[in-house]
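Novice: First, the structure itself, so that you have it in front of you.
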Amino acid sequence: MTKASPLPIEVRGSAKQPLGMSPAQFLRDYWQKRPLLIRQAFPDFKPPIQPDDLAGLALEDVALSRLIIHDEKRDRWKVKTGPLTEKDFASTPNSNWTLLVQDVDKWDADVAALLEDFTFLPSWRLDDIMISYAEPGGGVGPHVDQYDVFLLQAIGQRHWAISTDPNAPKDFRPDIELKQLQHFDPDHEWMLEPGDMLYLPPDVPHDGIAFGGPCMTISVGMRAPSRAELTGDLADYLAERLPDELRYADPDLAPAKAAGEIDKAALARLRTALPFAAGLDDATLTDWFGRFITRYRNAQLPVPPEKELTEAALRKQLDGGAHLLRHPWARMAWAKAKGGATLFVNGQAYPATVEWATQLCSQRELSPGKSAPAAQLALLLSLVNDGHLVVRKPRRR
Ligand code: SIN
Ligand code: CO
């Protein structure tokens with residue numbers, strides 16, 4: 001059997017096939033999977049906008065723009081967000097700077113017309129066309145994007161370097177506000193000419209630097225909402241449509257076995273009330289509900305002590321007969337967890353034993369004396385330092 005040849009990372013496009021292959025083949029083999037450089041994706045490409053018009057747009061209040069200047073000697077990066085001024089442009093150095101303007105397709109019909117070549121993607125998957133202008137050496141530095149992007153060279157040359165290593169480190173440089181990669185070890189490099197296009201799936205480290213003369217790059221970026229954003233919006237959407245009278249209900253309630261326990265029956269009731277949460281595992285549902293239900297409806301909260309207590313100081317006070325009083329605004333619940341229990345207090349979660357979680361939920365005043373084992377002392381100390389328990393000196397007889 002002959003071995004299948006690996007997929008090429010570089011192909012040649014044509015007026016008929018800007019992707020150098022059919023959209024179906026591109027989607028199957030490259031989309032969201034691997035980078036692809038398409039030489040002459042747009043043969044004889046004519047830029048739909050000129051650098052001066054882009055700079056003009058960056059002066060407008062409504063446009064989102066950034067001017068990034070790299071001081072190469074000291075490796076410092078200066079970022080100025082728009083609206084920019086004529087003065088900003090007048091004071092740029094001769095090289096090593098770039099201007100980036102987002103959403104240019106919304107302001108310029110000729111730029112928007114480029115999107116007609118991307119109709120093989122659902123239109124709602126496209127986010128915007130960002131255009132950059134750079135003088136030699138200009139760029140935003142090595143970075144990753146969280147979405148797919150088509151980088152079309154419009155004017156001049158740009159040197160692109162990428163890393164296809166799936167395990168490449170993604171930590172950011174701590175010293176600059178741009179989310180630049182601390183380590184960048186490219187394994188592919190190309191010089192792009194007008195009409196060439198580089199496709200990058202999300203999370204691929206890349207760095208594009210203007211080469212030789214003025215450079216304009218058109219980025220067709222996708223919209224990829226985070227799961228967190230989708231979840232938050234879905235929750236809001238569902239909440240808006242649910243009548244206030246539909247409530248958590250427990251007509252089947254049996255007498256509580258242990259004070260404050262969020263038991264299996266409560267989880268089952270939650271799953272009935274929240275069908276979209278039915279797929280959540282017990283641990284996640286419990287962790288969310290425990291935090292939620294122990295938060296007070298109004299603004300009152302326990303106040304942490306001015307000075308944190310040390311474990312030794314708490315031990316000394318308890319040994320001396322001090323009591324622990326539950327703060328009146330401390331609302332508690334607990335649930336069984338791996339190896340013990342989780343105690344929930346005002347939206348916070350603490351590892352505990354079933355015995356101590358039950359005790360803390362059922363008694364407003366505790367006198368642990370010398371009985372508090374070392375492991376529980378850590379829990380009591382956290383509760384004291386978070387303001388949920390208040391240390392009271394022993395009563396005089
Ligand atoms: C640029 O055009 O300079 C940046 C585009 C990108 O790397 O996403
Ligand atoms: Co990028």
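The values are calculated or read from the model by the stated rules, or taken from the named source; none is laboratory data. All values derive from a computational prediction rather than experimental measurement. Cβ placement follows ideal geometry from the backbone for every residue including glycine, while neighbour counts extend to all protein chains displayed.
Novice: For the list (1) surrounded by 17 or more Cβ atoms within 10 Å (Cβ to Cβ); (2) farther than 24 Å from LEU114 by Cβ; (3) touching a residue at least 40 places away in the same chain (Cβ under 8 Å), I need the number of the one condition that THR164 fails.
Specialist: (1)
Novice: Next question, about the same structure. Look at PRO205 and say whether it is assigned by TED's automatic domain parsing to the domain that holds ARG39, surrounded by 13 or more Cβ atoms within 10 Å (Cβ to Cβ), under 26 Å from GLY13 (Cα atoms) and under 21 Å from the mean Cα position of the chain (by Cα).
Specialist: Yes: the conditions hold for PRO205.
Novice: How many of the residues making up the stretch 131-147 are surrounded by 15 or more Cβ atoms within 10 Å (Cβ to Cβ) and within 11 Å of ligand 2 (Cβ to nearest atom)?
Specialist: Selection size over the stretch 131-147: 9.
Novice: Another question, if that's okay. Checking PHE150 against (1) more than 22 Å from VAL104 (Cα to Cα); (2) within 16 Å of ligand 2 (Cβ to nearest atom); (3) touching a helix residue (DSSP H, G or I) at 6+ places or on another chain (Cβ under 8 Å); (4) not basic (Lys, Arg), which single condition isn't satisfied?
Specialist: Tallying (1) more than 22 Å from VAL104 (Cα to Cα); (2) within 16 Å of ligand 2 (Cβ to nearest atom); (3) touching a helix residue (DSSP H, G or I) at 6+ places or on another chain (Cβ under 8 Å); (4) not basic (Lys, Arg), PHE150 fails exactly one: (1).
Novice: Within the stretch 265-272, can one find any residue that is assigned to a helix (DSSP H, G or I), polar (S, T, N, Q) and at pLDDT below 95?
Specialist: Scanning the stretch 265-272 turns up at least one residue that is assigned to a helix (DSSP H, G or I), polar (S, T, N, Q) and at pLDDT below 95.
Novice: Give me the pairs, please: first residue somewhere in the stretch 128-146 and farther than 17 Å from LEU192 by Cα and assigned to a strand (DSSP E or B), second residue anywhere and small (Gly, Ala, Ser) and within 13 Å of ligand 2 (Cβ to nearest atom), beta-carbon distance under 8 Å, and either six or more positions apart or on two chains.
Specialist: Hits for this filter: ASP128/GLY221; ILE129/SER219; ILE129/GLY221; MET130/SER219; MET130/GLY221.
Novice: Now for a separate question. Just the residues that are among the charged types (D, E, K, R) and closer than 20 Å to THR81 by Cα, please, taken from the stretch 128-160. Before you say what the answer is, go through the steps one by one.
Specialist: Looking only at the stretch 128-160, we keep the residues that are among the charged types (D, E, K, R), and these are 128, 135, 145, 148, 158.
ASP128, GLU135, ASP145 - these are the residues of the stretch 128-160 that are among the charged types (D, E, K, R) and closer than 20 Å to THR81 by Cα.
Novice: Of the residues in the stretch 1-57, how many are under 34 Å from the mean Cα position of the chain (by Cα) and assigned to a strand (DSSP E or B)?
Specialist: 6
Novice: Taking the stretch 124-149, which residues are within 11 Å of ligand 1 (Cβ to nearest atom) and among the aromatic types (Phe, Trp, Tyr)?
Specialist: Across the stretch 124-149, the qualifying residues are TYR133, TYR147.
Novice: Further question on the same structure: Out of the residues in the stretch 164-183 meeting the condition of being within 13 Å of ligand 1 (Cβ to nearest atom) and in a loop (DSSP other than H, G, I, E, B), tell me which one is modelled with the highest pLDDT. Talk me through it step by step, then tell me what you get.
Specialist: Step one: filter the stretch 164-183 for residues within 13 Å of ligand 1 (Cβ to nearest atom), giving 178-181.
Subset that is in a loop (DSSP other than H, G, I, E, B): 178-180.
Values: LEU178: 86, LYS179: 91, GLN180: 95.
Among those that are within 13 Å of ligand 1 (Cβ to nearest atom) and in a loop (DSSP other than H, G, I, E, B), it is GLN180.
Novice: Show the residue pairs that are 6+ apart or on different chains and have beta-carbon atoms under 8 Å apart, the first residue being within the stretch 90-112 and within 16 Å of LEU59 (Cβ to Cβ) and within 16 Å of ligand 1 (Cβ to nearest atom), the second being at pLDDT 95 or above and among the basic types (Lys, Arg).
Specialist: Final answer for the pair search is LEU99/ARG66; LEU100/ARG66.
Novice: A further question follows. From the list PHE172, PHE184, exactly one residue is within 15 Å of ligand 2 (Cβ to nearest atom), free of Cβ contacts under 8 Å to residues at least 24 places away in the same chain and not polar (S, T, N, Q). Which is it?
Specialist: From the options PHE172, PHE184, the qualifying one is PHE172.
Novice: Within the group PRO275, PRO328, which residue is assigned by TED's automatic domain parsing to the domain that holds GLN376, over 26 Å from the mean Cα position of the chain (by Cα), of a type outside the set (Lys, Arg) and within 16 Å of LEU366 (Cβ to Cβ)?
Specialist: PRO328
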